[in-house]
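Values quoted throughout were computed directly from the atomic coordinates according to the rules given, and no laboratory measurement underlies them. Remember, predicted model here, so these are calculated numbers, not experimental data. Note that we place each Cβ from the backbone using ideal geometry, even for glycine, and neighbour counts take in every protein chain shown.
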Ligand code: GAF
């Protein structure tokens, strides 16, 4: 948790609204392996990180809600009886969405004020949007004593994204941000919402993130298209979700699918298995076996599910050539954002310097390198 950021947001709130707010911290997330499996009711392996959103919130004396997006120096004022998606509303829709979804459930809230800010790099695929949604729903739950469970809150955050932002996302980001545990990753079954937690002990190795600085944008129709393909194949197989398909059952309808649809469904089936295998490798302490699954997952994301981009492919190719990196892949929804690498601790400095130079020479722009700690999920600070 970033204490300077918390102090700054608190001060801004006090200056703007003249009151002491509740403070909520909600983290972003990484994902070790398992992309586009969550909305197929499959398996994912995320962890909350020590970068997040700080939201200061209190009741308002006026008839409207006032929101300050501190990092962007933007404000937004709205009335609770006029909640609808805002065209190109960006961050506003995450907040309006949470309010709208509460109202759909006949949960009454009164006007409130918010100042929020964060230290999650934007567009890096580290789920700043889920962190914002979670912090707002958590804050409202505290403020108005709504009695919502964490499961109910993440469902509200997810629906806000579907219905107000337009991304039919799965539950991974909201889950990881809400339920994250310090120093542990969560192998989550997205059907039952049961997670086994794993300490991230890689001995001589560690996680390193490299941001392509290609801003992925989930509103991009590509994400929803992938979900639609998965749903089409599931329906042809007479199952609710691809979680219930196997390579063998998929083979029986191959002639009803285009090659592209077949490969995408095959990727999901194989990726689900990779997540479970990744858990087994970690249990056995087989870090190399674990790392190799990351390379395989990237191959699938690049060639089968087709959610990578040339910058991510370049980073993973560079990692493959370096014996000190035992696994790397694109992370998150795709089309930009970060590559996650499992790298020998001693090699971090040299690899960072080399990859930064090579990336710049290749794409004439900088990549950014982050090291993260695994942290506690959404919680109230004061
Ligand atoms: C995004 C979505 F929000 C998640 O639900 C998940 O599908 C992910 O992309 C891909 O694994 O982060």
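Quick notes on this one:
- Among (1) more than 30 Å from residue 193 (Cβ to Cβ); (2) within 16 Å of the ligand (Cβ to nearest atom), the one test that residue 35 misses: (1)
Here's the yes/no breakdown for (1) in contact (Cβ under 8 Å) with a residue 60 or more places away in the chain; (2) assigned to a strand (DSSP E or B):
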{"position": "175", "(1), (2)": "yes, no"}
{"position": "185", "(1), (2)": "yes, yes"}
{"position": "191", "(1), (2)": "yes, no"}
{"position": "198", "(1), (2)": "yes, yes"}
{"position": "225", "(1), (2)": "no, no"}
{"position": "228", "(1), (2)": "no, no"}
{"position": "232", "(1), (2)": "no, no"}
{"position": "240", "(1), (2)": "yes, no"}
{"position": "243", "(1), (2)": "yes, no"}
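- Check on residue 150, away from the ligand (no atom under 12 Å from the Cβ) and buried (at least 18 other Cβ atoms within 10 Å of the Cβ): yes
- Residue match in the range 72-83 (condition: over 15 Å from residue 140 (Cα atoms), touching a residue at least 40 places away in the same chain (Cβ under 8 Å) and surrounded by fewer than 20 Cβ atoms within 10 Å (Cβ to Cβ)): no
- Residue in the range 94-114 that is surrounded by fewer than 22 Cβ atoms within 10 Å (Cβ to Cβ), more than 16 Å from the ligand (Cβ to nearest atom) and under 29 Å from residue 371 (Cα atoms) present: no
- In the set (1) in a strand (DSSP E or B); (2) buried (at least 16 other Cβ atoms within 10 Å of the Cβ); (3) away from the ligand (no atom under 16 Å from the Cβ), the condition left unmet by residue 9 is number (1).
- Residues in the range 187-231 that are closer than 19 Å to residue 327 by Cα and within 16 Å of the ligand (Cβ to nearest atom): 187, 209, 211, 212.
- Evaluating residue 24 against the criteria (1) part of a loop (DSSP other than H, G, I, E, B); (2) in contact (Cβ under 8 Å) with a residue 12 or more places away in the chain leaves one unmet condition, (1).
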